[in-house]
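These notes concern the structure reproduced below.
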Amino acid sequence: MSTGFERDRGEFTRGARAIVVYPDLGGSSRDADARLEETAGLAEAIGVTVVGREAFRVRTPRAATLIGAGQVETIATLVRMEDAALVVFDAGLTPIQQRNLETALEAKVIDRTGLILEIFGERAATAEGRLQVELAHLDYQAGRLVRSWTHLERQRGGFGFLGGPGETQIEADRRLIRDRMARLRRELEQVTRTRGLHRGRRQRAPWPVIALVGYTNAGKSTLFNYLTGSDVMAKDLLFATLDPTLRQISLPGIDKAILSDTVGFVSELPTQLVAAFKATLEEVVSADMLIHVRDVAHPDSEAQRADVETVLTEIGVSDTTPRIEAWNKLDLLDDEARAALLAQTERRDDVVAISALTGEGVDRLVATVAGRLTAGHQRYTITLDAADGAGAAWLHQHGEVLDQEIDGERAIYEVRMAPRDYERFLTR
């Protein structure tokens, strides 16, 4: 039977049969079944076929294999029974542990970080995304040096955690990695400068920037598409969105705003990725408002919320940045759960229940966002020449016209707008 993975050649193909293992070291906010389900989803996101799942309680981590000898044998038996070629550990493994486990299990072994980096390697669609993923990959693999680095010349696709043609001279590898990482950092510095220039232009406009954040597969891209009429990839798939997308939208009382769709977060997001994606995540750090999209139909919704807040803190998002939670996927709840959820949101002004798929509640979300962004706006009485069509258009474009009255050759407007826009109007 073909497993999708030829052990002697060390090549991974889509459809490889895999076993998912969760070594419970304690301290996780999720139960073992939830961890196995998420890791299986991550594996399936790169085309792996999960044929077995095992969870173990690890009281004393082993330096050589992380888990005990009996647990290793249990997995080895499952690998043989299922003819599996790959074992995915939902934990971090040292290079020694990874190699020892591969020898004992006679299968390829990757850990959680390697799996997430592999997904990102497949999904990066832009030159910037590929640079960031490759830098993260090299940082992760720098201490491992267990395979050839010929895959570094690839322009697309994964980054070789699941295979490689064999050993090469370690010193040559290290020099290649160091040189490559230095070049990637220089290129990413240029990306950061370019993003900074674009951000500076937007701030001078000035248009508010609203960033969608949330756990992977929470529905950010579906909401983004609904609000902007775009066709960003939105699938029931972990990490469907990797590269950031920005679109212009209009809100009540705000003529223009920038909406940003960003990469989804995940529990224990590899530190290499957080560092490498700094240029991308700066869109979140500098946003005027965050919409935290949550999958309220997911059993671990609260734990996912905590994970997202942790990553936001890690990347430097200020606690004072206004944020609204969009409790998404109402359409997946039964009547009782739905009624309870809606009752909760009615008592809060920072939460809106929505279905990004059907559009239910999205109008209320838009109104809530606009209300928060215009909270500092003031009411002004402005008198124009009745024939000043350009001035009237400017007021409608940059403020909310509450009332207007024609008095002979004068037009009197009651307008609510930001003080900075009022100053711009006086000097236009």
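Throughout, read-outs are computed from the coordinates displayed, never taken from laboratory work. All of these numbers come straight from a predicted model, not from anything done at the bench. When we count neighbours, we look across all protein chains shown, and the Cβ atoms used for this are built from the backbone with ideal geometry, even at glycine.
Annotations
- For region 51-73 versus region 292-361, the gap between their alpha-carbon centres in whole angstrom: 35
- Three-way shape call for region 5-110 based on the alpha-carbon gyration tensor, with the a/c threshold at 1.5: oblate
- Estimated inter-spin distance, L357 and A127, nm [label 7 Å along Cα→Cβ]: 3.9
- Length gained when the stretch R178-E102 is fully extended (0.36 nm per residue, less Cα-Cα span): 24.7 nm
- In this calculation the C-beta distance from S250 to R185 is compared with R0 = 30 Å, giving a FRET efficiency of 0.20.
- Shape call, region 378-426: gyration tensor on alpha carbons, a/c limit 1.5: prolate
- Whole-number percent relative contact order across region 378-426, with pairs defined as alpha carbons under 8 Å at least 6 apart: 46
- Placing a label point 7 Å from the Cα of V401 along the Cα-to-Cβ direction, the residues of region 365-393 with a backbone N closer than 15 Å are 380-393.
- Each Cα pair under 8 Å and six or more residues apart adds its sequence gap; the mean of these over the residue count of region 5-110 is a relative contact order of 34 percent.
- For region 378-426, a simple Cβ point-charge model (Lys and Arg +1, Asp and Glu -1, everything else neutral) yields a dipole of about 260 debye relative to the Cα centre.
- Region 264-386 - charge dipole about Cα centre, Lys and Arg +1 at Cβ, Asp and Glu -1, debye rounded to 20: 340
- Partners of K256 within straight-line reach, counting aspartates and glutamates whose Cα lies under 15 Å from its Cα and excluding those fewer than 8 residues away in the same chain: D288, E400, D421.
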